[in-house]
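What follows is a short report on a single structure.
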Amino acid sequence: MIQTSRTTIRCLAPWEIDLCIPCGHAFYREMQLPGQFIPEVFVTTWQTLFKSIPSDILSLWHDETLIGAFGVTLIPDLMDGRLTATEMFWYIDPAHRKGTGALRLLRAFEDWADEHHAVECRLTHLLTKEEQAGDPTKVKLASLYRRLGYVPLEVSWRKPVSPQVGASIETLAYVDVQLT
């Protein structure tokens, strides 16, 4: 646990995953993502990750209030097997973005990666509508990432193929059955 003044960072326990649900709803609204945030999918996915691979949700607290979270996993690189710590989501309550919380969560992620013997950290930056129209290597956080030693690696593209909202739940259930 990392603590400064009244702000603390700690890993959430598996039974605390649902504390991130308000963050998920807020993130979806803020980013104007297609579809909807489905709490059951989020919780089930993280419960499965916790059981199957090294993973954690680093949580940022101000006093007793959750103000941010950073989901992390450790997986081998698909091409060469090097252990890679990967950010799965990163959210800070807008009222707390001017402080050092986001950077402290990023540093906690890097410490987590080191403790788990990762050789590389990977961040994902979900583009805002405005950023989608421009050069993805020039997003507003790119200069910060570069100053911290991160370099652009990949750009993801998306194209909806099915309007079925429930398809992800069915797929998750299928994958869970196949893994067990």
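Which value in deg cm²/dmol, rounded to the nearest 500, describes the helix-derived mean residue ellipticity at 222 nm for the chain, given -39,500 (n - 2.57) per DSSP H run of n ≥ 4 and division by the residue count? Walk me through the numbers on the way to the answer.
Numbers: 6 runs with 63 residues, N = 180.
Computed ellipticity for the chain at 222 nm equals -10500 deg cm²/dmol.
With a Förster radius of 35 Å applied to the beta-carbon distance between Cys11 and Val151, the computed FRET efficiency rounds to 0.80. The lysines whose alpha-carbon is closer than 16 Å to the alpha-carbon of Lys140, local same-chain residues fewer than 8 away aside, are Lys98, Lys129. Per the Debye formula on identical point scatterers at the alpha carbon atoms of the stretch 109-151, with no solvent, log10 I(q)/I(0) at q = 0.29 Å⁻¹ is -1.03. One Cα centroid belongs to the stretch 80-99, the other to the stretch 1-61; the line between them spans 11 Å.
Under a 5 Å amide H cut-off, with hydrogens placed 1.01 Å from N, Gly68 pairs with Leu60, Asp93 among residues at least 5 apart or on other chains.
Normalised by residue number, the volume inside the convex hull of the Cα atoms of the stretch 2-179 is 143 Å³ per residue.
For the stretch 54-120, the alpha carbon convex hull comes to 82 Å³ per residue, rounded to a whole number.
Remark: relative contact order (the stretch 2-179) = 18 percent; criterion is Cα-Cα distance under 8 angstrom and separation of 6 or more residues.
Only the coordinates and a few stated rules stand behind these numbers; no lab work does. Everything quoted here is computed from the prediction, not taken from an experiment. Don't worry about glycine lacking a Cβ; one is built from the backbone with ideal geometry, like all the others, and counts go over all protein chains shown.
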